[in-house]
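Take a look at the structure below.
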Amino acid sequence: MSVPPGFSDDWSEIDAAYDQGPAQPAPAHRPQGGGIAARALAARQGTPQAAAADYLAGLNPEQRLAVETVDGPVLVLAGAGTGKTRVLTTRIAHILATQRAWPSQILAVTFTNKAAREMKERIAHYIGPGVEGMAWLGTFHSICVKILRNHAELVGLKSGFSILDTDDQLRLMKQVIQAEGLDEKRWTARMFASLVDSWKNRGLTPKDIPEGEARAFGNGKGRKLYAEYQDRLSVLNAADFGDLLLHCITLFKTQPDVLKDYQRRFRYMLVDEYQDTNVAQYLWLRLLAQGNSNVCCVGDDDQSIYGWRGAEVDNILRFEHDFPGAVVVRLERNYRSTSHILGAASHLIAHNEGRLGKTLFTDDKDPEAEAVTVASSWDSEEEARAIGEEIEALQSKGHSLNQIAILVRASFQMREFEDRFVTLGLNYRVIGGPRFYERAEIRDAMAYFRCVVQPADDLAFERIVNTPKRGLGEASLKLVHELARASRIPLLEAATQLCRTEELKPKARKALSDLVDSLDRWRAQLVHMKHSELAEIILDESGYTEMWRLDRSAEAPGRLDNLKELIRSMEEFESLPGFLEHIALVMDRDTADAADAVSIMTLHSAKGLEFDTVFLPGWEEGLFPHQRALDESGRAGLEEERRLAYVGITRARKRAKIWFASNRRIHGSWQSSIPSRFLDELPERHVEVVESSTRYGGYSGGGYGGGNAYGVSRFDARDPFQNTYSTPGWQRAQRAREAGSQDHGNRSDMRSSRTRAQGPLTIEGQLVAKSVSDTPSSFTVGERVFHIKFGYGRITTIEGNKLTIDFEKAGEKRVIDSFVERH
DNA sequence: AGTAGAAAACTTTTT
DNA sequence: GTTTTCTACT
């Protein structure tokens with residue numbers, strides 16, 4: 001297999017640059033005109049500082065130190081909004097302008113494609129089109145792929161290896177588990193996948209994993225399964241995400257020459273979001289940095305939110321130890337947010353232990369600055385409604401929707417906002433969300449392409465062999481599999497051979513040989529046909545497009561659109577292999593949406609962004625902090641959730657608006673909720689508790705005998721470092737919850753005295769919606785009741801507080817007793 | 001072989 | 001509430 005086009009070119013160009021070697025690149029090669037590099041060059045005879053002032057101007061002393069300390073290890077602790085990206089990009093500009101290295105000799109690593117793209121754009125500002133020479137600016141994964149493509153054979157792969165997505169990965173693991181004769185229900189592929197992932201994140205190959213962990217899975221067969229899986233991958237000439245790093249590390253460890261080559265190549269290394277690196281990434285960097293130690297890591301321990309996928313905050317905490325003589329620069333001057341927002345965020349994050357500790361400050365002294373607000377609502381629906389209203393109000397005051405974001409903890413929260421905004425006709429865009437490439441139709445299409453490009457890609461073949469339906473069922477496929485296994489050949493090869501025999505039923509044989517022939521034909525066309533055209537032909541001739549055209553379901557047209565979009569985006573690439581790689585690594589599609597729209601996204605995907613106004617809904621115990629984080633990771637989990645909260649608040653420039661709802665639907669049933677403990681951890685002087693306009697919320701409360709669940713006293717003066725579980729507000733909230741369940745029996749009567757739309761009572765609201773109850777309902781079978789949505793009906797069955805009602809108009813429904821009234 | 005209907009499982013975050 | 005997976009039927 002040859003090197004896919006697009007790589008070989010890069011490589012020779014880089015080699016050329018590399019061979020020319022150090023410090024004095026010929027001026028002729030410099031980007032034409034404009035950039036600072038040229039100007040710096042011109043000013044070279046004069047004082048370097050004068051020339052430097054161009055791009056160094058406007059940096060504060062700390063930033064400047066971070067930029068100018070180019071030799072030796074540097075750790076930049078950059079708090080939120082302190083100009084982190086600016087430092088990184090200026091530093092690169094500085095290295096280039098001072099002729100210390102060629103663009104191709106700088107390794108700049110980010111985590112997301114977005115970050116890489118952004119960095120590239122910003123560097124282009126300084127050096128013009130010369131950025132294109134920065135071949136080694138990218139995500140960890142994309143850089144690893146680039147390296148592996150050139151040395152694949154040394155780690156048991158061929159250069160054209162394919163990169164598996166999670167879907168393929170799971171199917172392959174399932175096969176491995178089955179082959180071992182294990183119960184797939186007891187040992188699911190999903191469990192195995194996360195286990196393997198965690199091993200790979202720690203840089204462990206099958207032989208390295210601790211015996212205990214190896215034994216814990218699959219009746220003690222963990223290690224064997226892992227080895228088996230890796231074997232299958234290498235037979236398939238494929239790598240999963242974790243492999244990209246792992247193989248790279250193996251390569252560096254086993255091939256000193258190769259490592260040395262890269263060590264010399266990368267004269268300067270920069271790592272963004274260092275707090276998110278996992279052990280494997282750390283090892284990788286360590287190996288490269290052994291050459292020269294010109295490593296600059298930028299990060300913020302307070303924004304480490306990816307511990308669940310193997311990120312080691314420890315990497316950043318340990319930096320000085322790992323890289324002796326490291327210069328540590330703290331960036332604490334915040335240029336983004338008002339002092340209220342900073343005050344709230346800093347006070348919150350101060351509740352975490354085990355942080356390097358930074359104190360953000362700002363010069364912003366705007367007397368008009370708005371305090372961070374905390375508001376409450378009856379339920380999540382009303383939360384969406386109220387936030388929608390606030391956004392409309394902002395809009396009518398001339399605020400741009402692009403400057404407004406809603407940041408949620410979990411993606412299921414997004415739907416309610418979408419629903420509401422659709423009703424309001426408010427423009428919104430969901431960022432993150434289900435990825436384009438993850439959609440079934442895109443995957444199917446990609447599987448076709450993969451089969452054409454990589455005949456040995458069994459997983460792709462399996463995916464499309466009977467999509468669309470060709471009458472190739474289990475029985476036929478079993479034969480193909482058996483032959484493939486027996487002769488150690490790829491499935492496609494086995495299928496081809498099988499078609500020449502009489503083993504298959506005539507119908508199946510015809511179908512299979514048609515497919516095989518088509519694949520061969522397309523492969524032949526690959527050479528001389530434009531890849532986007534060929535792609536269209538493949539989808540048409542395979543009957544795949546037809547399949548969706550005939551599909552009468554609501555999604556079908558959208559899927560066809562997606563396929564068109566896929567073909568269209570293909571045109572931007574030189575070749576089919578190049579495109580396949582792009583899809584595997586760059587999961588997000590560019591939504592350069594110009595339209596004015598509110599952004600809706602998760603807190604995780606909001607990292608690195610900023611908005612004038614940020615809405616933070618769903619600050620409730622169990623949701624945020626998320627129950628699972630607490631259950632699985634205890635205190636560390638809580639601290640990570642708190643960092644997430646910190647990230648959320650610090651996204652705001654001018655306004656941060658926190659919300660919580662008293663009731664939320666989780667897993668389909670209503671659950672009452674109590675306010676997040678993080679609310680207790682906000683400092684009173686920067687926070688304003690807002691009276692909910694609709695008065696459902698439990699926040700300011702009142703009226704309920706014996707005190708209010710979480711009102712007034714939430715911000716009682718107290719020691720800020722006290723254990724959060726014992727804060728007055730937290731305890732009170734818990735007491736209120738207990739009181740609530742005891743009183744539960746009474747409340748249907750209270751409830752029936754009013755309709756839902758009028759009730760101002762706050763605590764009652766919390767109780768009403770409790771759907772899980774062993775207290776018997778006060779209703780009786782046969783009673784005639786009224787439901788706000790379904791109208792009148794008669795109760796046929798009662799189970800606890802769940803009623804089955806035969807409605808006159810709506811038919812039989814199961815509803816919670818609190819939503820009906822006697823009639 | 002394929003489909004329809006029902007039960008079961010699953011819902012944190014993602015390169 | 002939704003999606004996936006299994007089972008039973010055509």
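The values are calculated or read from the model by the stated rules, or taken from the named source; none is laboratory data. Because the structure is predicted, anything quoted here is derived from the model rather than measured. Don't worry about glycine lacking a Cβ; one is built from the backbone with ideal geometry, like all the others, and counts go over all protein chains shown. Areas reflect the complete protein model, heavy atoms only, side chains present, ligands, DNA and RNA absent. Shrake-Rupley method; radii C 1.70, N 1.55, O 1.52, S 1.80 Å.
Points worth noting:
- Computed about the Cα centre, the dipole magnitude for the stretch A:214-290 is approximately 360 debye when only Lys and Arg (+1) and Asp and Glu (-1) carry charge, each at its Cβ.
- Diffusion coefficient, µm² s⁻¹, Stokes-Einstein with Kirkwood Rh over alpha-carbon pairs of the stretch A:440-548 at 25 °C and 0.890 mPa s: 175 µm²/s
- Here the gap between A:Q525 and A:S669, fully extended at 0.36 nm per residue and compared with their Cα-Cα distance, gives a gain of 46.4 nm.
- Listed cross-link partners A:K84/A:K607; A:K120/A:K607; A:K114/A:K657; A:K530/A:K564; A:K174/A:K478; A:K224/A:K478 are compared with a 23 Å cut-off, the Cα-Cα value being larger for A:K114/A:K657; A:K224/A:K478.
- Each Lys and Arg contributes +1 and each Asp and Glu -1, all at the Cβ; summed about the Cα centre of the stretch A:162-236, the dipole is approximately 180 debye.
- Within the straight-line cut-off of under 19 Å between alpha carbons, the aspartates and glutamates reachable from A:K253 are A:E153, A:D208, A:D243, A:D261, A:D322, sequence neighbours fewer than 8 places apart in one chain being disregarded.
- Each Cα pair of the stretch A:58-98 feeds into the Kirkwood radius, which the Stokes-Einstein equation turns, at 10 °C and 1.306 mPa s, into a diffusion coefficient of 153 µm²/s.
- If the segment from A:R552 to A:E121 were pulled out straight at 0.36 nm per residue, it would be longer than the present Cα-Cα gap by 150.8 nm.
- Potential extension, A:D366-A:L317 segment - 0.36 nm per residue separation minus Cα distance: 14.1 nm
- Put a plus charge on the Cβ of each Lys and Arg, a minus charge on the Cβ of each Asp and Glu, and nothing anywhere else: the dipole of the stretch A:440-548 about its Cα centre is then about 300 debye.
- Label-to-label distance, nm, for residues given as A:R186 and A:I489 (7 Å Cα→Cβ offset): 3.8 nm
- Rounded to whole Hz, the Karplus (6.51, -1.76, 1.60) HN-Hα couplings of the stretch A:143-159, x for glycine and proline: 5, 4, 4, 4, 5, 5, 4, 8, 9, 3, 4, 6, 10, x, 10, 9, 4
- Once Rg and the Kirkwood radius are both taken over the C-alpha atoms of the stretch A:162-236, their ratio Rg/Rh works out to 0.92.
- Its residue count N sets the reference 2.2 N^0.38 Å, and the alpha-carbon radius of gyration of the stretch A:72-220 equals 1.42 times that reference.
- Surface share of carbon and sulfur [accessible, 1.4 angstrom probe, percent] for the stretch A:295-441: 47 percent
- Per residue, the accessible area of the stretch A:162-236 comes to 48 Å² when a 1.4 Å probe rolls over the protein heavy atoms.
- Projecting the Cα positions of A:F449, A:F461, A:I538 onto the charge dipole of the stretch A:440-548 (unit charges on Cβ atoms of Lys, Arg, Asp and Glu, taken about the Cα centre) puts A:F461 furthest along the positive direction.
- Between amide H atoms placed 1.01 Å from N, distances below 5 Å from A:V328 occur with A:L75, all of them 5 or more places distant or on a separate chain.
- Percent accessible area from carbon and sulfur atoms, the stretch A:162-236, protein chains only, probe 1.4 Å: 51 percent
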